[in-house]
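Data first, discussion second: the structure below is written as structure tokens.
Every number in this text was worked out from the coordinates using simple rules, so none of it is lab data. Treat the numbers as computed from the prediction; the structure is a model and nothing was measured. Note that each Cβ is placed from the backbone with ideal geometry, even for glycine, and that neighbours are counted across all protein chains shown.
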Amino acid sequence: MSKESASPAAASRSVVLVGLMGAGKTTVGRRLATALNLPFVDADEEIEKAADRPVADIFSDFGEAAFRDGERRVIARLLEGEQSVIALGGGAFVNDETRKLVREKAVSIWLKADLDTLMERVSRRDTRPLLQTDNPRAVMAELMAKREAAYAEADIQIDGDQGPHSTAVARILEALGPLGYSVSDADD
């Protein structure tokens, strides 16, 4: 399950959640941060703060390339900050530079989910710029195919489509245990 060997330094690193939109990175990330007694950071929210505009507006006003550039810089800043649980946007880990930086400074976890689960989850909100199309399912399937190889480079892979988010959190905590991460006594 884990590619990373246990070391004293591992447990002092941030935990970064990667995966497609709808995989549960933000929801799982908040619960995981509570369990690890760490702050939670949503990279997309930090990008919005830095740009002083919503992600959808950045996409429409400046294009995906400009968004990805800003995203890369914000993630680099977050990884230099205090240890935390960080949820990355779906395309962030595909960037070679970002993936390298995450590998150096954090433990990465790929929250995997099947297409049906992802589509059910993303259909709840219409704020996904890449899915503003006539066939969002086809776009999601294409994104899955394109991004899978990058996501597979994550240190840990967790099935996020079986059961409630608390199940994914429990699986992550089990995988992080051998790396020295300790769980807080707080209930989630």
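So here's what we get for this one:
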{"read-out": "Dipole axis of the chain (+1 Lys, Arg; -1 Asp, Glu on Cβ), positive-most option in S184, A87, V102", "value": "V102"}
{"read-out": "The range 14-176 - charge dipole about Cα centre, Lys and Arg +1 at Cβ, Asp and Glu -1, debye rounded to 20", "value": "260"}
{"read-out": "Computed over the range 14-176: relative contact order in percent, which uses C-alpha pairs under 8 Å that are six or more apart", "value": "35"}
{"read-out": "Gyration tensor (alpha-carbon) shape descriptor, the chain, a/c threshold 1.5", "value": "prolate"}
{"read-out": "Peptide ranges 16-22, 51-57, 97-103 listed from the most packed, as the mean C-beta count within 10 angstrom indicates", "value": "16-22, 97-103, 51-57"}
{"read-out": "DSSP beta bridges in the chain [antiparallel fraction, %, rounded to 5]", "value": "5"}
{"read-out": "5 angstrom amide H check on S14, placed H, neighbours 5+ away", "value": "S84, V107"}
{"read-out": "Within the range 63-106: backbone nitrogen closer than 16 Å to the T167 label point (7 Å, Cα to C-beta)", "value": "none"}
